[in-house]
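K.L.:
Handing you a structure now.
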Amino acid sequence: MSSLEPLFKGFILALDPLILLYGFIGCLAGTLVGLLPGIAPALTIAILLPFTFTVPATSMFVLFAGIYYGAMYGGSTSSILLNTPGESSTVVTALEGNKMAKKGLAGKALATAAWGSFFAGTVGLIALTLFAPLIVNVALKFGPAEYFSFMVLSCVAVSAVLGSSTVKGMISLSLGLIVGLIGIDIQSGQARFTFGGKVELLDGIEMVMAVVGLFALGDSMYLAYEGKIKNQKILKSPKTPWYKWMNKNDWKRSWKPWLRGSFLGFPIGALPAGGAEVPTLLSYYTEKKLSKHKNEFGKGALEGVAGPEAANNSAVTGVLMPLLTLGIPTSATAAVLLSAFQSYGIVPGPSLLTQQGGLVWTLIASLYIGNVILLILNLPLVGIWIKILQLPASWLYTGIIVICTASVYSVSRSSFDLLILFFFGFIGFCFKKLNFSPTPLIIGIIIGPLAEQSLRQAMIISMGDWSTFVTRPISASILFLSIILFVLPFIWKIKKRK
Amino acid sequence: MKSFHFSIFLIILCGLAIWQATLIPKSGLVDSVGAKNFPYFIVTLFVIFSIIYFFQELSFYKKRETLKKYSKQNVLFFVSGCFILISLSSILGFFISSIFSSILIARSFGIQINLLSLRNCFFITLSVWILFSVILGLQLGPFFKFLS
């Protein structure tokens with residue numbers, strides 16, 4: 001399957017003025033989301049899920065893509081100027097970027113972060129364009145057994161490998177899987193976990209409630225509990241024009257970290273438990289080792305901003321690979337995007353690229369365009385973003401909660417939905433306070449029903465023979481890998497104790 | 001909320017999950033997995049890891065810190081705000097109940113309750129209501145539910 005022709009068609013659709021407007025709004029909202037600590041892109045996309053009932057799929061996905069990408073750009077600005085990473089993956093940027101800003105080199109840090117994000121984002125998109133059809137060709141040969149094994153791998157990787165503890169990760173995941181099963185079982189028509197057929201629960205729990213509750217309410221309640229909401233001191237943006245922020249030497253010092261970051265970010269991001277945090281850290285330590293200016297690390301090194309920022313954006317594109325080709329989410333945002341696909345009645349997976357090719361290629365083309373829009377938004381317009389950061393934080397968070405509750409209430413105007421929302425808010429607060437990761441819970445909600453469906457299909461095909469999962473080579477290998485990933489943290493802990 | 005208390009909360013959730021799993025009726029369809037097996041497996045997983053967590057936390061229970069007074073107050077304001085929204089939204093509609101709720105939530109973030117904060121909460125809720133209901137076409141219900 002050649003990818004250039006459909007991509008070209010995607011560009012034609014993405015350049016439609018209305019679609020372009022959605023893309024621009026998405027980039028704008030994404031940058032804002034990235035700037036504000038505590039608001040994840042997953043949350044923003046979840047808040048917008050009710051609009052899937054009224055807005056066409058292509059426009060909505062272009063908007064979501066803009067938010068997803070924009071958050072990564074915005075996160076670097078708040079990391080550099082505020083020392084408050086808006087995103088967990090921009091923590092490394094804050095390490096060096098804020099120190100550079102304190103030395104009066106904010107312009108250099110902002111510019112290398114923005115150009116690096118643009119460069120890596122484009123490299124990641126080229127890789128996505130080239131490799132997605134190849135992966136789809138392989139994935140089309142997979143049966144339900146392989147899919148089920150892939151989902152097991154994704155769940156194990158996200159809950160057991162990432163996060164502070166395997167036990168906490170597995171609790172989060174299994175709770176998510178249970179929540180995902182609430183409602184009527186499509187195949188048998190049986191009501192499950194509905195407390196005696198409670199009408200409000202028959203359709204299952206809407207993704208927007210879980211995400212908004214866990215991320216927005218949980219985090220806000222935690223901030224209230226900590227009593228730490230106060231406006232922080234924001235470092236000023238440079239007075240010189242943006243195109244003069246980097247000189248020839250800075251470009252020379254940045255391009256290699258950008259390249260290395262891009263190549264580290266994409267493949268790791270595309271792995272089931274990749275995410276964007278691991279590649280940014282890896283990139284930081286790689287640059288620290290390879291840099292000619294080792295003494296600058298810890299005091300504000302340009303390479304320490306350039307590499308991780310590139311890795312971050314490249315990984316974000318990598319996360320789209322398993323989502324668009326296999327229909328498997330590997331991050332909270334990807335899980336919410338998958339839920340958005342389901343809202344439109346689209347089944348993500350290998351058939352997505354063939355059956356909904358127009359939508360997917362428009363989405364990819366809009367990401368290319370979004371990259372350019374974001375570069376413009378984040379370099380010349382950085383002063384506007386700084387003004388937003390100066391808004392009183394207490395009122396900002398109050399406003400966010402009103403928006404979040406309005407979004408959930410608008411789904412069915414039910415007090416019961418608000419009750420569920422606050423239940424997830426309480427869980428989110430406890431998770432935040434006790435260092436549980438909410439990502440496995442979100443992934444569990446979306447993967448639970450899909451995994452069960454694949455399991456049932458595999459069992460029907462094998463005429464009830466459970467050994468189908470271990471006799472098929474690909475499925476067996478994936479399950480074996482899952483077991484290793486699950487057991488490894490325990491062995492590691494035992495070895496450490498010794 | 002201490003981790004030990006959360007582990008007890010998880011055990012209660014386990015009890016609920018087991019109770020609900022036992023209520024799933026047997027499927028009439030010929031299906032080797034059925035509607036029960038997958039939920040049983042997931043609930044078992046949840047129970048096992050919750051029990052492990054409970055015993056882990058039990059051993060650390062005495063070392064835990066106590067909550068600060070202001071934190072408790074803030075959380076109380078936050079929860080009250082949420083409770084007001086849940087209980088009043090069906091009677092007064094989203095707009096009015098959200099104003100009352102947001103005052104308490106703003107208080108939990110350290111803002112004093114006075115006419116100025118009431119005005120701010122009114123305008124925040126009004127802007128959100130206009131954005132959702134008028135501009136974006138998502139229904140938040142009537143402005144004053146009790147009048148309609």
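K.L.:
Which residues in segment A:411-432 place their backbone N less than 18 Å from a point set 7 Å from the Cα of A:Lys198 along the Cα-to-Cβ direction?
P.N.:
Hits in segment A:411-432 for A:Lys198 at 18 Å: A:411-428.
K.L.:
How far, in degrees from 0 to 90, does helix A:332-343 lean away from the longest principal axis of the Cα atoms of chain A, to the nearest 10?
P.N.:
The angle comes out at about 50 degrees.
K.L.:
For A:Cys155, A:Cys27, B:Cys14, what ranking results if the residue with the fewest other Cβ atoms within 10 Å of its Cβ goes first?
P.N.:
With the sparsest Cβ surroundings first, the list reads B:Cys14, A:Cys155, A:Cys27.
K.L.:
Hey, what did segment A:4-497 get for relative contact order, percent, Cα under 8 Å, at least 6 apart?
P.N.:
Normalised by residue count, the contact order of segment A:4-497 is 28 percent.
K.L.:
If you don't mind, there's one more thing I want to ask. Of A:Gly23, A:Gly227, A:Met207, whose Cα points farthest to the positive end of the dipole of chain A (charges on the beta-carbon: +1 Lys, Arg; -1 Asp, Glu; origin at the Cα centre)?
P.N.:
Toward the positive end, the furthest listed residue is A:Gly227.
K.L.:
Here's something else I'd like to know. Work out how much length A:Lys252 to A:Ile25 would gain on full extension: take 0.36 nm times their residue separation and subtract the Cα-Cα distance, in nm to one decimal.
P.N.:
Here the answer is 78.4 nm.
K.L.:
Residue farthest toward the positive end of the dipole of chain A, with Cβ of Lys/Arg at +1 and Asp/Glu at -1: which of A:Pro350, A:Thr129, A:Trp258?
P.N.:
A:Trp258
K.L.:
Can you give me the long-range amide H partners of A:Ala191? Hydrogens built in the peptide plane at 1.01 Å from N, cutoff under 5 Å, separation of 5 or more residues or another chain.
P.N.:
Residues meeting the criterion, in which the H sits 1.01 Å from N, are A:Asp185.
K.L.:
Which FRET efficiency value, to the nearest 0.05, is calculated for A:Phe11 and A:Thr354 with the Förster distance at 25 angstrom and r the Cβ-Cβ distance?
P.N.:
Calculated transfer efficiency: 0.80.
K.L.:
Within a Cβ distance under 13 Å of A:Ser412, other residues only, what is the Lys/Arg minus Asp/Glu net charge?
P.N.:
Summing Lys/Arg as +1 and Asp/Glu as -1 gives -3.
K.L.:
Residue-wise, which Karplus ³J(HN,Hα) couplings in Hz belong to segment A:64-71, taking 6.51 cos²θ - 1.76 cosθ + 1.60, θ = phi - 60°, and x for glycine or proline?
P.N.:
4, 4, x, 5, 4, 6, x, 4
K.L.:
Additional query: Neighbour counts of other C-beta atoms within 10 Å: give me A:Arg413, A:Arg192 arranged from fewest to most.
P.N.:
Fewest-to-most ranking of A:Arg413, A:Arg192: A:Arg413, A:Arg192.
K.L.:
With a ≥ b ≥ c the root eigenvalues of the C-alpha gyration tensor of segment A:284-376, is it rounded (a/c under 1.5), prolate (a/b larger than b/c) or oblate?
P.N.:
Cα axes put segment A:284-376 in the prolate bin.
K.L.:
In which sequence would A:Val158, B:Val47, A:Val92 go, from the one with the fewest C-beta neighbours within 10 Å to the one with the most?
P.N.:
The fewest-first ordering by Cβ neighbours comes to B:Val47, A:Val92, A:Val158.
K.L.:
Return the distance in nm (one decimal) between the two label points of a simple spin-label model at A:Gln390 and A:Lys299, each offset 7 Å from Cα along Cα→Cβ.
P.N.:
Result: 3.2 nm between the two label points.
K.L.:
Over 21 Å between C-alpha atoms is what I'm after, so list which of A:Lys168/A:Lys496; A:Lys141/B:Lys36; A:Lys103/A:Lys244; A:Lys108/A:Lys292; A:Lys433/A:Lys495; A:Lys288/A:Lys495 land there.
P.N.:
Among A:Lys168/A:Lys496; A:Lys141/B:Lys36; A:Lys103/A:Lys244; A:Lys108/A:Lys292; A:Lys433/A:Lys495; A:Lys288/A:Lys495, the Cα-Cα distance tops 21 Å for A:Lys141/B:Lys36; A:Lys433/A:Lys495; A:Lys288/A:Lys495.
K.L.:
Could you work out how far helix A:357-378 tilts from the main Cα principal axis of chain A, as a 0 to 90 degree angle to the nearest 10?
P.N.:
That helix lies at roughly 30 degrees to the long axis.
K.L.:
Can I ask one more? Could you estimate the translational diffusion coefficient of the protein assembly as shown from the Stokes-Einstein equation, with Rh from the Kirkwood formula over C-alpha pairs, at 20 °C and 1.002 mPa s, in whole µm²/s?
P.N.:
Estimated diffusion coefficient is 84 µm²/s.
K.L.:
So between B:Thr44 and B:Ile8, what do we pick up on full extension, going 0.36 nm a residue minus the alpha carbon distance?
P.N.:
11.3 nm
K.L.:
On to the next question. Using label points projected 7 Å from each Cα along Cα→Cβ, tell me how many nm separate B:Ile113 and B:Ile135, to one decimal.
P.N.:
3.0 nm
K.L.:
Right, another one. Starting from the amide H of A:Ser437, placed 1.01 Å from N in the peptide plane, find each other amide H under 5 Å away whose residue is 5 or more places distant or on another chain.
P.N.:
So A:Ser437 has HN proximity to A:Ser164.
K.L.:
For the residue pair A:Trp492 and A:Phe416, what label-to-label distance in nm results when each label sits 7 Å from Cα along the Cα-to-beta-carbon direction?
P.N.:
4.3 nm
K.L.:
Can you tally the net charge around A:Phe431? Count Lys and Arg as +1, Asp and Glu as -1, for every other residue whose Cβ sits under 12 Å from the Cβ of A:Phe431.
P.N.:
Neighbour charge sum, excluding A:Phe431 itself: +2.
K.L.:
Whole-Hz Karplus ³J(HN,Hα) for segment B:12-26, in order, using 6.51 cos²θ - 1.76 cosθ + 1.60 and θ = phi - 60°, x for Gly and Pro?
P.N.:
4, 4, 4, x, 4, 5, 5, 4, 5, 5, 6, 7, 5, x, 6
K.L.:
For every helix of n ≥ 4 consecutive DSSP H residues, a contribution of -39,500 (n - 2.57) applies; sum these over the protein assembly as shown, divide by its total residues, and give [θ] at 222 nm rounded to the nearest 500 deg cm²/dmol.
P.N.:
-23500 deg cm²/dmol
K.L.:
Applying the Karplus parametrisation 6.51 cos²θ - 1.76 cosθ + 1.60 with θ = phi - 60° to the phi angles of segment A:194-207, what ³J(HN,Hα) value in whole Hz is obtained for each residue in order, glycine and proline being reported as x?
P.N.:
Going residue by residue, I get 10, 6, x, x, 4, 4, 5, 9, 4, 8, x, 8, 5, 4 Hz, with x marking Gly and Pro.
K.L.:
Averaged across the residues of A:52-60, what count of C-beta atoms belonging to other chains lies within 10 Å of each residue's C-beta?
P.N.:
Across the residues of A:52-60, the mean count of other-chain Cβ atoms within 10 Å is 1.
Laboratory data are not the source of any read-out in this text; all were calculated from the coordinates shown. Given the structure is predicted, the values throughout are model-derived calculations rather than measurements. Glycine also receives a Cβ, built like all others from the backbone with ideal geometry; neighbour counts cover every protein chain displayed.
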